[in-house]
Amino acid sequence: MNKIAVAAIAVAAMSTAGAALAQERPDQTAFKALYKELVETNTTLSSGSCTLASERMAARLKAAGYADADIQILYPADRPKDGNLIATLRGKNPKLKPILLLAHIDVVEANRADWERDPFTLVEEGGYFYARGASDDKAMAAAFTDNMIRYKREGFKPARDLKLALTCGEETPDTFNGVEWLLKNHPAALDADFALNEGAGGLLDAQGKPVFLGIQAGEKVYQDYTLETTNPGGHSSTPIRDNAIYNLAAAISKIGAYDFPVALNEAVRLNFTELAKIEGGETGAAMAAVVADPNDPAKVAAVAKNRSRNSMMRTTCVATMVNAGHAPNALPQRAKANVNCRILPGVNPTDVQKVLQDVIADPRINITLAAAPSPVNVPPPLDARIMGPAKQAAAKLWPGVPLIPSMATGATDGRFTNAAGIKTYGLSGMFGDAAGSGAHGLNERIRVKSLYEGRDFLYEVVKLYGAK
């Protein structure tokens, strides 16, 4: 390539970069500095500190005018690095329950050697921000924090308190979970009429245009079960059919072949109904048919080809780990498996345990809960009080883009808040493409435009909720 061509490309690149920079509003530049500080504060369980991240966000809130009395950093005495930040913008009527703005600031571990970029340095490249936590969940945590600062500086006085909760331990609940701990030890810190939390987001098409914006109402419950069988064993030279590994394998195969019954809640019915209109064709017709008749096996099978939709329709259980035998030349004396279930809201994990026992129908297999049962909760209502402001704010930013309810097949801290009676909705306004964000994986990212638009959306929708 000649020098003139190289120079022309360089000038074009500089022009494009300059145009992008010119499009960034001053308030977005200030927000990016907050976002960068939060993202670059390591909050992994192994070597990070949520307390440090909370202190840095608290300092920004105080600089904006929040009183010390309206800011708390709470943590167990034996876990000083797992600080949870609670900050309150006082409303006009203290008798009204607050609105909770919930986001976790801890992140999944990230190995620098595996990443293309330093996971704990925010990199802006090709229209995306890259870093561990860039999406999950420091994007929402930063937007909520920055918007609380904006409200304070503007003198916004909501009808009820707005309560910000930046929590720790969502990614490592078996070690510590800040929301669960706060609900047990400082229930007033999270007490609220309803909460906005991570989840849902929005979908972009191949050209980067919004297809729909999601609002999550409810999520499935995570529960592990242990399947175990024992046997006297013996010498492998004289085998018998009553083999612990064979018995366990047969039990697992029965679970693999079993489908839990379809049970559509409000969010899933609305999700299928609205997506059927968008997708059309055989897939759309099948979703509409399942909403009309969840017992139509042919239509259910057609929808179930999509793994995500199959999981939204029913409880699912899958074998994830197996451990068996004690020596290569001996009959196995013990065989054990872990079965991971994602349970529909409102269903008790002990009831699922009974179903698994009936499906296996083998008294030699003992089934127990691998951990304490997850809390039972019901999906929050999708009434006009919630949907109205969300649709209004969405229409302002993305005219003509539908707001579609969904239910999460994974789990967030909403499983604890919903169970505690705090109606919790996943609503971020942050769009992503079909390739995903890389959350929990390598090279996690979020589109710059999506982050900025999500911040604006949350600013608007929380104001609308707060004014009522």
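The values are calculated or read from the model by the stated rules, or taken from the named source; none is laboratory data. Every value quoted in this text rests on a predicted model; they were computed, and no experiment measured them. Cβ coordinates were reconstructed from backbone atoms using ideal geometry, including for glycine residues, and neighbour counts include every protein chain displayed. Keep in mind that these areas ignore ligands, DNA and RNA; they rest on the heavy atoms of the full protein, side chains included. Shrake-Rupley method; radii C 1.70, N 1.55, O 1.52, S 1.80 Å.
Odds and ends about this structure:
- Screening ILE240 with (1) free of Cβ contacts under 8 Å to residues at least 60 places away in the same chain; (2) open to solvent by 60 Å² or more (accessible area, probe 1.4 Å); (3) within 24 Å of ILE360 (Cα to Cα) gives one miss only, at (1).
- Residue check, ASN247 open to solvent by less than 50 Å² (accessible area, probe 1.4 Å), assigned to a helix (DSSP H, G or I), touching a residue at least 40 places away in the same chain (Cβ under 8 Å) and more than 30 Å from LEU204 (Cβ to Cβ): yes
- Selection status of ALA142, hydrophobic (A, V, I, L, M, F, W, C) and either crowded, with 24+ Cβ neighbours inside 10 Å or in contact with a His (Cβ under 6 Å, 6 or more places away or on another chain) (or both): yes
- Count of the stretch 368-396 residues which are open to solvent by 60 Å² or more (accessible area, probe 1.4 Å) and in a helix (DSSP H, G or I): 5
- Residue within the stretch 101-116 that is assigned to a strand (DSSP E or B) and open to solvent by 10 Å² or more (accessible area, probe 1.4 Å) present: no
- Matching residues, the stretch 178-200, being out of contact with any His (no Cβ under 9 Å at 6 or more places or on another chain), assigned to a loop (DSSP other than H, G, I, E, B) and either open to solvent by 10 Å² or more (accessible area, probe 1.4 Å) or closer than 17 Å to ASP82 by Cα (or both): HIS186, ASP191, ASP193, GLY199, ALA200
- Among residues of the stretch 250-276 being free of Cβ contacts under 8 Å to residues at least 60 places away in the same chain and assigned to a helix (DSSP H, G or I), the one that is nearest to ARG342 (Cα to Cα) is ALA257.
- On the stretch given as the stretch 20-71, residues that are out of contact with any helix residue (DSSP H, G or I) (no Cβ under 7 Å at 6 or more places or on another chain), open to solvent by less than 60 Å² (accessible area, probe 1.4 Å) and in a loop (DSSP other than H, G, I, E, B) total 6.
- Test for ASN93: is it under 22 Å from ASP174 (Cα atoms) and either modelled with pLDDT of 95 or more or surrounded by 10 or more Cβ atoms within 10 Å (Cβ to Cβ) (or both): no
- Condition check for ALA134: assigned to a loop (DSSP other than H, G, I, E, B), more than 26 Å from LEU45 (Cβ to Cβ) and not acidic (Asp, Glu): no
- Looking only at residues in the stretch 74-90 that are open to solvent by 10 Å² or more (accessible area, probe 1.4 Å) and more than 23 Å from the chain's Cα centre (by Cα), the one that is nearest to TYR425 (Cα to Cα) is THR88.
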